[in-house]
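A.B. asks: One structure is given below, represented as structure tokens, and several questions about it will come after.
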Amino acid sequence: MHDVARWCNTEHCNSAICFVTPDQRHHEEDPSIPAQRHSVHQAARDKNPARWSGKTRNWESIEVVSLSPERKPERTPAKKAA
């Protein structure tokens with residue numbers, strides 16, 4: 001379990017926090033990483049626009065991070081009695 005936790009926190013780039021690791025986010029390294037990725041994607045798009053169907057990804061840093069974000073409860077239709 002420790003190996004999985006280490007991997008999740010230090011190696012896995014999480015899409016919910018702009019493709020940085022939780023460790024990078026915790027140490028406030030995350031603002032520069034998305035900006036650098038944005039530059040790389042823009043350069044790739046400028047070099048070969050035919051490979052891109054639209055805009056590049058939104059690389060703006062996420063302000064607030066929550067382990068369990070509040071979600072609206074899903075509404076499921078009530079089952080009718082037989």
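A.B. asks: How large is ³J(HN,Hα), in whole Hz, for each residue of the range 32-39 in order, when computed from phi with the Karplus curve 6.51 cos²θ - 1.76 cosθ + 1.60 and θ = phi - 60°, using x for Gly and Pro?
C.D. replies: Ordered by residue, 3J(HN,Hα) equals 7, 5, x, 5, 5, 5, 4, 4 Hz.
A.B. asks: Length gain on complete extension for the stretch residue 64 to residue 16, per 0.36 nm per residue less the alpha carbon to alpha carbon distance?
C.D. replies: 16.2 nm
A.B. asks: Quick one: net charge of residue 61's neighbours, Cβ under 12 Å, K/R +1, D/E -1?
C.D. replies: Surrounding charge for residue 61 is -3.
A.B. asks: Further question on the same structure: So what are the range 2-48's ellipsoid semi-axes, whole angstrom, largest first, if each one is the square root of 5 times an eigenvalue of the alpha-carbon gyration tensor?
C.D. replies: Sorted largest first and rounded, they come to 26, 12, 7 Å.
A.B. asks: Among 31, 43, 14, which residue has its Cα furthest toward the positive end of the charge dipole of the range 2-48, with +1 on Lys/Arg Cβ and -1 on Asp/Glu Cβ?
C.D. replies: 43
A.B. asks: Can you give the FRET efficiency for residue 7 and residue 27, using 1/(1 + (r/R0)^6), R0 = 22 Å, r = Cβ-Cβ distance, to the nearest 0.05?
C.D. replies: Computed FRET efficiency for residue 7 and residue 27 comes out at 0.80.
A.B. asks: Please list, ordered by chain and number, the residues whose modelled amide H lies under 5 Å from the amide H of residue 14; skip anything fewer than 5 residues away on the same chain.
C.D. replies: Hits under the 5 Å cutoff: 19, 20, 21.
All of the numbers you see were taken from the coordinates with simple rules; none came from a lab. None of the values given here were measured: they were computed from a predicted structure. Counting neighbours? That spans all protein chains shown, and the Cβs are built from the backbone with ideal geometry, glycine included.
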